[in-house]
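**Q** Before anything else, here's the structure in question.
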Amino acid sequence: MIDVAAASEVAAGATMRIEVENFEICIARDSDGAIHAIDDLCTHGEVSLAEGDVEGCAIECWLHGSQFDLNSGQALTPPAFEPVAVYDCKEIAGRILIDPHTTLN
Ligand code: FES
């Protein structure tokens, strides 16, 4: 896994956009404090999901409002229908680690 950030850099309800090995990834911490890593690009358009808002365990695309489940990657509301990839992501010893080659969905 690749160390991408300090855990303290992503507060509850916050996001961070990172690039690792040519993958554009959105890190998000849900309202319960769990960390997630998903594809940064909305499946409806070329828009960064890291610029959207975290609501509970979902992230809302700022452009047209589709919400994506941070655990499953599923599009919960239109106009997006396709899921985003969810990457293996862990928080260990105050660091956020991601494996961009392992998707969980
Ligand atoms: S670009 Fe994200 S919902 Fe349209």
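Values in this text are rule-based calculations from the coordinates and carry no lab data. Note that this is a predicted model, so its numbers are computed, not measured. Every residue, glycine among them, receives a Cβ derived from its backbone with ideal geometry; neighbour counts consider all protein chains shown.
**Q** Report the residue count in the range 61-75 for those that are away from the ligand (no atom under 11 Å from the Cβ) and either touching a helix residue (DSSP H, G or I) at 6+ places or on another chain (Cβ under 7 Å) or not in a strand (DSSP E or B) (or both).
**A** Qualifying residue count, the range 61-75: 5.
**Q** Exactly one of (1) within 16 Å of the ligand (Cβ to nearest atom); (2) surrounded by 19 or more Cβ atoms within 10 Å (Cβ to Cβ); (3) over 9 Å from the mean Cα position of the chain (by Cα) is unmet by residue 78. Its number?
**A** Result: residue 78 fails condition (2) only.
**Q** For the range 8-18, how many residues are surrounded by fewer than 16 Cβ atoms within 10 Å (Cβ to Cβ) and in contact with a Lys or Arg (Cβ under 9 Å, 6 or more places away or on another chain)?
**A** Final tally of qualifying residues: 4.
**Q** Within the bounds of the range 84-94, is there any residue that is within 16 Å of the ligand (Cβ to nearest atom) and either more than 18 Å from residue 17 (Cβ to Cβ) or crowded, with 16+ Cβ neighbours inside 10 Å (or both)?
**A** yes
**Q** Go through the range 46-60 residue by residue and tally those that are without any contact (Cβ under 8 Å) to a residue 24 or more places away in the chain and either outside any strand (DSSP E or B) or touching a helix residue (DSSP H, G or I) at 6+ places or on another chain (Cβ under 7 Å) (or both).
**A** Result for the range 46-60: 2.
**Q** How many residues are closer than 19 Å to residue 105 by Cβ and away from the ligand (no atom under 11 Å from the Cβ) when one looks only at the range 33-60?
**A** Going through the range 33-60 one residue at a time, the tally reaches 12.
**Q** Just one of 98, 38 is hydrophobic (A, V, I, L, M, F, W, C), out of contact with any Pro (no Cβ under 7 Å at 6 or more places or on another chain) and under 14 Å from residue 1 (Cα atoms); which is it?
**A** 98
**Q** Say we look at the range 19-32 and pick out the residues that are surrounded by fewer than 22 Cβ atoms within 10 Å (Cβ to Cβ) and outside any loop (DSSP other than H, G, I, E, B); which of these is nearest to the ligand (Cβ to nearest atom)?
**A** By that ranking, first place goes to 24.
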